[in-house]
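Structure, as structure tokens:
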């Protein structure tokens, strides 16, 4: 990568190498490629537009600062960035101690739109990508109770025990819902190439 | 713990949904299953990306990128990292 120019066609791995070599244009390309996805994830967790943009900026700064810790042998750059984004967003959510307010909002959204799990996804957007299409179908074939349990775990960072306490549903039931739901989604992804 | 049980726990582990005691049991099984376990966990990490990709992209305001890149270029000129983040 050292002798190559950064272009929009570069792979994510090449861009990470270029960031490790302190090339700002590589981070800019990575920003153009994934800022929309990462902001959507932040928004889904913290539900605040202004805060989401600030946090997105902080996350890309962390990508820049921590790039030397990224290893392609351990996974894909997108997976690394999504994990970082989710962790920072949940940290922010917890700092705000806003569980109650978020719960109210989620409950309201669920009442408004039964398919709350992918409530900000339209059919038109999904058709843009085969991967997204597959994800949409796999998530939406899950029973509602399984989707909700996964939602608490993924978007609010709750453990099984916390979900059980929060929803007043027996821990064993929550475990079963999560295990079954995640297994179904994993199995539906087996046909995908190693894209993320 | 059977390997099938380990698989179920692995998916929860990558999402951070296991509590402390469960994580300890999981780690014991992880050591026991060795390389097979590590390969399965690596596969499970895709789940994190999957849920993010299921959301419709939400573009940030244009000035967010401008502010970010100004900080990055400033850091390059100083020969260091960006300041004021979690890193």
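Quick look at the values:
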read-out: Some residue of the range A:117-127 being modelled with pLDDT of 60 or more and farther than 24 Å from residue A:88 by Cα; value: no
read-out: Any helices (runs of 4 or more DSSP H) falling wholly within chain B and containing at least 1 residues that are crowded, with 19+ Cβ neighbours inside 10 Å, modelled with pLDDT of 90 or more and facing another protein chain (nearest Cβ under 8 Å); value: B:3-14, B:62-78
read-out: Hits in the range A:67-85 (condition: under 16 Å from the mean Cα position of the chain (by Cα) and more than 7 Å from chain B (Cβ to nearest Cβ)); value: A:76, A:77, A:80, A:81, A:84, A:85
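Conditions tested, residue by residue: (1) modelled with pLDDT of 95 or more; (2) in a helix (DSSP H, G or I); (3) closer than 19 Å to residue A:11 by Cβ; (4) at the interface with chain B (Cβ under 9 Å from one of its Cβ atoms).
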position	(1), (2), (3), (4)
A:31	yes, yes, yes, yes
A:45	no, yes, no, no
A:58	yes, yes, no, yes
A:65	no, yes, no, yes
A:87	no, yes, no, yes
A:100	no, yes, no, no
A:108	no, yes, no, no
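The values are calculated or read from the model by the stated rules, or taken from the named source; none is laboratory data. As the structure is a computational prediction, the values presented were derived from the model and not from experiment. FYI the Cβ positions are ideal-geometry reconstructions off the backbone, even for glycines, and counts take in every protein chain you see.
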